[in-house]
1. Here are some pairs, Lys173/Lys238; Lys94/Lys116; Lys94/Lys253; Lys75/Lys238; Lys65/Lys94; Lys65/Lys116; which of them have Cα atoms lying more than 19 Å apart in this structure?
2. Using only the alpha carbon atoms of region 64-263, find the Kirkwood hydrodynamic radius as the inverse mean reciprocal pair distance, in angstroms to one decimal.
3. So what are the ³J(HN,Hα) numbers for region 194-204, from phi and the Karplus equation (6.51, -1.76, 1.60; θ = phi - 60°), rounded to whole Hz, Gly and Pro as x?
4. Within the set of other residues whose C-beta is less than 14 Å from the C-beta of Ser148, count the net charge using Lys and Arg as +1 and Asp and Glu as -1.
5. Can you run the Rg to Rh ratio on region 193-264? Use alpha carbon positions and the Kirkwood inverse-distance Rh.
6. How big is the gap, in Å, between the Cα center of region 71-136 and the Cα center of region 160-218?
Amino acid sequence: MSRKACRTVEPGFVNSGRWPVTRSSQENTETETWKYEKPNYSKRSTSSNLCAFVPVALCLFKTMKIVIATTNQNKLRELKDLLQGLDVELLSLKDFSEHPAVVEDGESFAENALKKARAICAHSGLVTIADDSGLEVDALSGRPGIYSARYAGDNATDGENYTKLLDELQGIKSADRGARFCCVLAIVSPSGTEKVVAGEYRGVIIDEPRGHNGFGYDPVFLDPASGLTFAEMVPEQKNRISHRARALHELRKILPDFLGMVSQ
């Protein structure tokens, strides 16, 4: 069958899910002839032959890579666990021989998360997720807040940080030791698309550390519902309720649309 001004279709295009269509043109005319051809399945050995009868979109498909912008292996492990099941390849800063050192000098978790995500996205050319999180204690007017990781000094250990916190809370009764863990996640694409989501979980700061799991302030943060500190919980239990789990729940809700915008 012939007709004038037929639109161009790439070789290998599948018509109505049946056979590929190839195109031939009669020289010096506007007429194009379209012919259905049954694919030769005996020549599947090379990718080029495969693409002759597989839809073009499938031949071009690649798993999207996403960078998690952290060197904190505890955070990385939690984020990867919580992002399981997504059809993406997750990378960390360890997958790059070098990367910019980002100074977290923002005035909020959101500012710091966005700053990290933008810098690593620009460096890697890949969609990047960055996290900033910390503990806010009611009796301390929200401290340690954005300084949680370095509350006792720039190179302080987790133990030194929560020991300083407990020292500042001495004499304050349990009813007034309310606190919340906060987590903000920023996702940035090379095209400049940005989204920010957040999650929090409220608890109480106890007098002495308990438990050996988790990290950060987990040994002194009590979940009233279970009676356990975050450090006494197994990872699966913590990952069901934590601030980071709640932020990632919000991220997963927007991620399909976000990645769709990025790929367009």
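Bear in mind these aren't lab numbers, they're just calculated from the coordinates by the rules spelled out. Here the structure is a predicted model, which means the values were calculated and not measured. Cβ placement follows ideal geometry from the backbone for every residue including glycine, while neighbour counts extend to all protein chains displayed.
1. Working: Lys173/Lys238 26 Å; Lys94/Lys116 15 Å; Lys94/Lys253 27 Å; Lys75/Lys238 13 Å; Lys65/Lys94 14 Å; Lys65/Lys116 17 Å.
Lys173/Lys238; Lys94/Lys253, as the Cα separations exceed 19 Å there.
2. After inverting the mean inverse Cα-Cα distance, the result is 17.4 Å.
3. 9, 9, 10, 10, 9, x, 8, 9, 8, x, 9
4. On the way: positive: Lys75, Arg143, Arg150, Lys164, Arg180, Arg244; negative: Glu104, Asp131, Asp132, Glu136, Asp154, Asp158, Glu160, Glu168, Glu200, Asp218.
Around Ser148, the charge tally is -4.
5. On the way: Rg = 15.6 Å, Rh = 13.6 Å.
Ratio of gyration radius to Kirkwood radius: 1.15.
6. 18
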